[in-house]
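*Asks:* First the structure, then my questions, so here it is.
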Amino acid sequence: MSTDQRDHAPATGLSTAALSDALDRLGRPGALLGIAPLQPGTRMVGTAFTVRYVPAGSPPGTVGDYLDAMAPGQVAVLDNAGRLDCTVWGDILTAVADRRGIAGTVVDGVCRDTRRARDLGYPMFTRGAFMRTGKDRVEVAEVGGPVSVGGVLIRPGDLLVGDGDGVVAIAAEAVDEVLRVAREITEREGRILDDALAGATIAEARGRHGYHQLQRAEP
C-alpha cells in the first residue's frame, strides 16, 4: 500500500455524499459537477497528480507521458476544459496505470477504449466516452499545476474520493477537518436509520438527530 493510500485510509469508508455534506457545512467547494464513474460500483481514493491541456498549437505539442512520473496511490486529474470532441485518456494509459497501482483517473472531458477500464475495474471518472483522439487537437500545457475540473480548483496533493455518485476534491489543508465532519454526519445518519427501522417515524428520527442541520454551515 502506498503512502498516499495509508495517509487517507480513513476516507475509504466515507461516501461522496457524506463528504459533500461536510464540505457544505464547512463552506468549502469540492463536488465535481458533471463528472461520473464509467461503471457502477467504482470506488477511488487518492491524491491528485494534475495535468492541464490546451488546444494544440502549430506544430502541435504532445498529449503527454506524465504517467511515468506518477506514484502508486495517486489520481491522474486531467483538465481538458470539459471538451467532449476528443479524448485525453485511452487503452494504453489504462493498462499501465492499473499495473502501476495508480488509484484512478478523473477527466474534465472524455475517455475512450472503455472496455479495457471495465475489464480491469480501473476507476475512471469523466464526462463520458468518445473515440476520437486528442493527438494534434490538444496538448499538455502544464503538469503539476492547479487545474479546474467540474468547476472546482484542484491542486497537486489534494484528496480525491470517487464512488457511484461522482467525485469530490478536498484541499490538502482541509482533509482532516472534512473527514472528521463527514464521519460525524455518517454516524448521525446511521442513528436516524436505526431509529426509523426500529419503528420511529421519519420525522421523529430526523428531529432527534438533527438531520436537517447536518450540512448547514456552522455558526
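Bear in mind that the values in this text are calculations on the coordinates, not laboratory data. This one's a predicted model, so the numbers in the text were calculated from it and none came from an experiment.
*Asks:* Under the Karplus relation 6.51 cos²θ - 1.76 cosθ + 1.60, θ = phi - 60°, what is the ordered set of whole-Hz ³J(HN,Hα) values for the stretch 102-119, x standing for Gly and Pro?
*Replies:* Couplings: 5, 6, x, 9, 10, 10, 7, x, 10, 10, 9, 6, 5, 4, 4, 4, 5, 4 Hz.
*Asks:* Return the label of the correct value of Rg and Dmax of the Cα atoms in Å, as calculated from the structure shown, out of [x] 18.7, 69; [y] 22.5, 78; [z] 18.9, 64.
*Replies:* Derived directly from the coordinates: [x].
*Asks:* Oh, and also: Rounded to the nearest 500, what is the 222 nm mean residue ellipticity of the chain from helices alone, with -39500 (n - 2.57) per DSSP H run of 4+ residues and division by all residues? Please report the intermediate quantities before stating the final value.
*Replies:* Values: 6 runs with 62 residues, N = 219.
Roughly -8500 deg cm²/dmol at 222 nm, from the helical runs in the chain.
*Asks:* What angle do you read, to the nearest 10 degrees and between 0 and 90, between the alpha-carbon axis of helix 16-25 and the longest principal axis of the chain?
*Replies:* Its long axis makes an angle of about 70 degrees.
*Asks:* Given H placed 1.01 Å from N in the peptide plane, which residues other than close sequence neighbours of V138 have an amide H under 5 Å from its amide H?
*Replies:* A56
*Asks:* Go through the stretch 139-153 residue by residue and turn each phi into a ³J(HN,Hα) via Karplus (6.51, -1.76, 1.60, θ = phi - 60°); whole Hz please, and just put x for glycine and proline.
*Replies:* 8, 6, 9, 7, 10, x, x, x, 10, 10, 9, x, x, 10, 6
*Asks:* List, in order, the whole-Hz ³J(HN,Hα) value for each residue of the stretch 47-63 obtained from phi through the Karplus relation with A = 6.51, B = -1.76, C = 1.60 and θ = phi - 60°; use x for Gly and Pro.
*Replies:* 9, 6, 10, 9, 9, 10, 9, 9, x, 5, x, 10, x, x, x, 7, 7
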